[in-house]
Structure formats: C-alpha cells, structure tokens
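Here is the structure we will look at.
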Amino acid sequence: QRLVRMHEIGSLHAIPMRNARSGKVALSVPARRIIADDGAVIERRRLLRPLKSANWTLEALSESHWEEIGVTAFTSAWRVEEEEAAKSPVTERVHLATGLLLPVWKRLPGDHVRVTRLVAEDGQSIIGREVLDIDLAAIAETFGLSGVTGPAPDQIGELVIASGKPLGLASHDALTVKRSLVGGEQRLELTGFSPDRLDWYKNKGCFTEIIRYRTRLFVPVSRASSVLPALAA
C-alpha cells in the first residue's frame with residue numbers, strides 16, 4: 001500500500017519489472033543523472049525492492065535480465081517477497097548523533113542529512129541524526145572524541161563505492177581512494193601514487209588504464225577488501 005501511495009505504478013514514472021533469472025520483482029523509477037569523466041550525461045533508473053534498492057544505467061538495465069511485467073503480477077509477487085522478508089528480520093547497525101543538535105548541526109557532515117527515530121522493544125524511543133560509518137572518524141576529530149578510528153582498509157572500498165566520499169589510505173604513498181565513473185561503471189581509483197611504484201601496485205592487485213593520455217590507477221571493486229589491506233601493510 002505504501003508503494004502504491006508513493007508511485008503511480010504502471011506509468012512511465014514507475015515501471016513494474018521482474019528478473020527473468022531470479023523471479024524477483026522491482027519497481028523502476030527515475031534516478032538522478034550522473035556525469036561521466038568525459039562530460040557525457042548518463043541516464044539512470046532506480047530499482048526499488050522490498051528490502052533494498054539500487055541505481056542502474058539505462059545501458060546496463062537493457063542488457064540485464066530485468067523485464068517489464070503487468071501491474072497485477074507485480075503486486076502479487078511483491079507481496080510474496082514482503083511476506084518472505086518478514087520471516088527473516090534484517091539486522092543493521094545505525095549510528096546516531098543525539099541530544100541538543102541544533103547548536104552543532106552545521107558541524108556535522110552536510111551531504112547526508114537524515115533524522116531517524118528508533119523504538120526499542122521496551123518502548124524507549126531515541127531520535128537523532130544518522131552518521132555514516134565513513135564519517136565517524138572525522139566527526140570524532142571535530143568534537144575531540146577519543147577512541148574512534150577510521151574504517152579499516154578492508155572496509156574502505158565498500159564505503160567509498162556506497163557513499164561516493166573519498167578516503168585516505170596510508171601506504172608507501174599518501175593515497176586517496178575515490179569513486180570514479182569510467183566507461184559507464186563505478187570504479188575505485190587511487191590518486192597520490194608515485195609513478196615509479198606502478199609495478200609494485202600492479203603486483204599487489206591494482207591495474208592501470210591510460211585515459212586522455214594520463215595513466216590512472218584502479219583497484220578491482222570485487223577484490224578491494226583484500227587489495228587495499230595489502231597496500232596498507
């Protein structure tokens with residue numbers, strides 16, 4: 001019912017879809033466009049699922065197993081997935097900044113502003129502003145808190161891909177791990193590396209690509225959890 005209230009299912013705005021391979025359904029709605037490194041505008045759609053959502057480029061979506069289905073079939077399959085999901089609760093860790101926030105509101109990261117209210121089983125209610133894992137160390141430094149460290153090297157890749165925020169990585173060089181859109185796909189790029197050490201980086205699992213006459217260094221997204229710790233060792 002909530003999905004029906006939010007979207008006009010079956011219109012060009014909200015297209016019911018089903019994955020021909022998995023049988024799972026999703027509602028395709030417009031997503032924010034992104035700009036590639038070469039300046040090209042890339043159109044995207046957001047696939048809403050009962051428990052998660054993800055953005056797809058139109059090109060990737062057209063080459064996938066997702067296909068349009070009727071509203072009736074979509075609604076029925078969506079309800080089945082919801083019922084199955086309810087049988088297996090999902091555990092998620094959420095960091096909240098609570099208390100008197102107004103005086104320090106502007107000192108919190110401004111690119112993720114979401115206020116969340118949590119209710120415990122005993123009825124106790126907590127309301128606060130969400131803090132992303134990637135921002136914990138910076139916030140601790142801002143407010144002079146001790147005992148809070150940044151993400152471990154094996155977590156950096158996933159956090160950068162998910163948030164789009166660059167993170168530093170202590171290695172032989174002062175590296176920065178950032179998300180870059182190259183050829184329509186999101187990559188993990190390393191900047192700050194010494195060109196003289198390219199062979200060393202490649203031996204650790206990185207790869208290079210010459211783009212616009214410039215050598216750029218990347219970490220395979222699927223292996224970031226093992227490659228980045230190797231660079232930091």
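Read the figures in this text as sums done on the coordinates, not as results from a lab. All of these numbers come straight from a predicted model, not from anything done at the bench. For neighbour counting, all protein chains shown are included, and Cβ atoms are generated from backbone atoms with ideal geometry for every residue, glycine included.
Please compute the length gained on full extension between ASN19 and ARG114, using 0.36 nm multiplied by the number of residues separating them and subtracting their Cα-Cα distance.
The ASN19-ARG114 span can extend by a further 31.1 nm.
Hey, what number do you get for the chain at 222 nm if only DSSP H runs of n ≥ 4 count, each worth -39500 (n - 2.57), divided across all residues, to the nearest 500?
The per-residue figure over the chain is -7000 deg cm²/dmol.
For region 176-233 and region 124-159, compute the distance between their C-alpha centroids and round to whole Å.
25 Å
Could you list the square roots of 5 times each eigenvalue of the Cα gyration tensor of the chain, that is, the equivalent ellipsoid semi-axes, sorted largest first and rounded to whole Å? Let's see the in-between values first.
Numbers: eigenvalues 237, 159, 53 Å².
Calculated on Cα positions only, the semi-axes equal 34, 28, 16 Å.
Quick check: net charge around PHE193, other residues with Cβ under 13 Å of its Cβ, Lys/Arg +1 and Asp/Glu -1?
Details: positive: LYS178, ARG197, LYS202, LYS204, ARG214, ARG216; negative: ASP173, GLU189, ASP196, ASP199.
Charge balance near PHE193 sits at +2.
What is the local net charge at GLY99, summed over the other residues whose Cβ is closer than 15 Å to its Cβ (Lys, Arg +1; Asp, Glu -1)?
Details: positive: ARG107, ARG117, ARG129; negative: GLU130.
After counting each charged neighbour, the total is +2.
Among SER62, THR75, GLY39, which residue has its Cα positioned farthest towards the positive end of the charge dipole of region 2-86, with +1 placed on the Cβ of Lys and Arg, -1 on the Cβ of Asp and Glu, and the dipole taken about the Cα centre?
Result: THR75.
What's the exposure ranking of ARG45, ARG197, ARG21, ARG129, going from fewest to most Cβ atoms within 10 Å?
On the way: ARG45 21, ARG197 15, ARG21 9, ARG129 18.
So the ranking, lowest neighbour count to highest, is ARG21, ARG197, ARG129, ARG45.
Can you give me the distance in nm between label points at LEU102 and ALA232, each placed 7 Å from the Cα along the Cα-to-Cβ direction?
In this crude label model, LEU102 to ALA232 measures out at 3.9 nm.
Could you tell me what fraction of 2.2 N^0.38 Å the Cα radius of gyration of region 95-142 comes to, as a two-decimal ratio? Mind dumping the intermediate values first?
On the way: Rg = 11.6 Å, N = 48, 2.2 N^0.38 = 9.6 Å.
For region 95-142, the normalised Cα radius of gyration is 1.21.
Given R₀ = 25 Å, FRET efficiency for GLU59-TYR213 by Cβ-Cβ distance, to 0.05? Write out the running numbers ahead of the final one.
On the way: r = 26 Å, r/R0 = 1.03.
The value I calculate is 0.45.
Tell me, what ³J(HN,Hα) does each residue in region 15-26 have, in order and in whole Hz, if you take phi through Karplus 6.51 cos²θ - 1.76 cosθ + 1.60 with θ = phi - 60° and put x for Gly and Pro?
My calculation for region 15-26 gives 9, x, 9, 9, 7, 5, 8, 8, x, 6, 10, 7 Hz in order.
Set the Förster distance to 41 Å, then compute FRET efficiency between ALA170 and THR72 from the Cβ-Cβ distance, nearest 0.05.
Numbers: r = 56 Å, r/R0 = 1.35.
Between ALA170 and THR72 the formula returns 0.15.
How big is the dipole moment of region 95-142 about its Cα centre under a simple scheme where the beta carbon of each Lys and Arg is +1, that of each Asp and Glu is -1, and everything else is neutral? Debye, nearest 20, please.
280 debye
Given labels modelled 7 Å from the Cα in the Cβ direction, how far is it in nm from LEU51 to ASP154?
The two pseudo-label positions are separated by 2.3 nm.
Wrap a convex hull around the Cα atoms of region 100-233, take a quarter of its surface area, and give that in square nanometres.
On the way: hull surface 44.4 nm².
Directional mean of the projected Cα hull area for region 100-233 stands at 11.1 nm².
Past 30 Å, Cα to Cα, is the threshold; run LYS165/LYS202; LYS106/LYS165; LYS106/LYS204; LYS24/LYS204; LYS87/LYS165 against it and keep the listed order.
Numbers: LYS165/LYS202 24 Å; LYS106/LYS165 18 Å; LYS106/LYS204 40 Å; LYS24/LYS204 38 Å; LYS87/LYS165 35 Å.
Checking Cα-Cα distances, LYS106/LYS204; LYS24/LYS204; LYS87/LYS165 exceed 30 Å.
What percent do you get for the relative contact order of region 95-142 when only Cα pairs under 8 Å and 6+ apart count? Walk me through the numbers on the way to the answer.
Numbers: 47 pairs, mean separation 21.9, N = 48.
Relative contact order for region 95-142 comes out at 46 percent.
Less than 13 Å Cβ to Cβ from THR142, Lys/Arg counted +1 and Asp/Glu -1: what total charge do the surrounding residues give?
My count for the surroundings of THR142 gives 0.
When the scattering of region 154-221 is computed by the Debye formula from its Cα atoms alone, each counted once and equally, what is log10 I(q)/I(0) at q = 0.11, 0.14, 0.16, 0.17 Å⁻¹?
For region 154-221 at q = 0.11, 0.14, 0.16, 0.17 Å⁻¹, log10 I(q)/I(0) is -0.23, -0.38, -0.51, -0.57.
So for the pair ALA40, ASP122, with labels modelled 7 Å out along Cα→Cβ, what separation do we get in nm?
Using points 7 Å along Cα→Cβ, the separation is 5.7 nm.
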